[in-house]
Amino acid sequence: MTLGARAAGELPAPVAGGVATRPDGFAAALDRARGRHWLLHSDGRRSSLPVGRWHGPPEPASAVVVARCAGPTLDVGCGPGRLTLALTRAGHTAVGVDVSAQAVRLTRRRGAVAIHRDVFARLPGEGHWAHVLLMDGNIGIGGDPVALLGRCRELIRPEGTVIVELEPPGAGLWRGRSRLASLSADGELRRSGTFSWARLDAVAVHDVAAAAGMVVPEVFRAGRRWFGELAVPVPPEGAVPRACRRGGSARSG
Ligand SMILES: C[S@@+](CC[C@H](N)C(=O)[O-])C[C@H]1O[C@@H](n2cnc3c(N)ncnc32)[C@H](O)[C@@H]1O
């Protein structure tokens, strides 16, 4: 990412060290679409955030993701809800979920359904969703992609999928602390507190998915953006679940 000299000079140093996770970390980006917004990571990297896109209408890549959805879909970390809206317009049952009350307000204002909830809290329709979406870097939520994918696995039906936006190959898996820095059009700089976050690329996703008990049948692209569609592997035909074997139990090894 390239920062303008003025913006780069004014930006705070990337975060270091740990403080509590902040569910309001994205507040400035949800409050105002304009200005410039970055995520500053504790490894020194800065990611420019396409916040204008979040607040705008569904873009062409949204259509590519929506075209893969064939049933009730949960848009996790929905932000202002453009994907939830695109799904709704396509005729799907779609629900956005976000820890930010502002994100939920904005999504509802667009005419889509959203609930104010942490993805790790109890959610409606657990185990029945056809798809769960983790767009716009949301694989970072909670700072532990294996735990997040494990949670998404609980949310989908057995044949459901989790569609995840990924970094291009090369970045691998990174976990650490991040904070949002926002520069308004009139030069005001706002920084959030730090929160746990992660980044995951289109190669490392295979190992991370496996650790969460999933596979990645397909990695696909929409323009410059990368995505993976993850599923729970189907047991080989005739395989008997461990808990059903004679004398066996789910815990007996
Ligand atoms: C990178 S932004 C994604 C923006 C969004 N996908 C969009 O299109 O506008 C991350 C979003 O995830 C939300 N979020 C962060 N932690 C969350 C959690 N534990 N559960 C649900 N949402 C969360 C944030 O409030 C924020 O709206």
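Scanning region 75-99 for residues that are more than 20 Å from Leu155 (Cα to Cα), buried (at least 23 other Cβ atoms within 10 Å of the Cβ) and out of contact with any Ser or Thr (no Cβ under 9 Å at 6 or more places or on another chain) yields a count of 0. Identification of helices (runs of 4 or more DSSP H) wholly contained in region 40-135 with 2 or more residues that are within 15 Å of Phe26 (Cα to Cα), more than 9 Å from the ligand (Cβ to nearest atom) and over 16 Å from the mean Cα position of the chain (by Cα) yields 101-109.
Scanning region 183-198 for residues that are touching a helix residue (DSSP H, G or I) at 6+ places or on another chain (Cβ under 6 Å), in contact (Cβ under 8 Å) with a residue 60 or more places away in the chain and under 21 Å from Glu165 (Cβ atoms) gives Ser196, Trp197.
Ile156 satisfies every condition listed in (1) surrounded by fewer than 23 Cβ atoms within 10 Å (Cβ to Cβ); (2) touching a Phe, Trp or Tyr at 6+ places or on another chain (Cβ under 6 Å) except (1).
Annotation note: of Arg151, Arg190, the sole residue that is among the basic types (Lys, Arg), surrounded by fewer than 24 Cβ atoms within 10 Å (Cβ to Cβ), at negative phi and within 14 Å of the ligand (Cβ to nearest atom) is Arg151. Pairing each residue of region 47-60 that is of a type in the set (Val, Ile, Thr) with any residue that is in a loop (DSSP other than H, G, I, E, B) and more than 9 Å from the ligand (Cβ to nearest atom), provided the two are 6+ apart or on different chains, yields C-beta distances under 9 Å for Val51/Arg32; Val51/Ala33; Val51/Arg34; Val51/Gly35.
Rule-based calculations on the coordinates, nothing more; no lab input. What you see is a predicted model, and the numbers here were worked out from it, not measured in a lab. Heads up, the Cβs are rebuilt from the backbone with ideal geometry, glycines too, and the neighbour counts pull from every protein chain shown.
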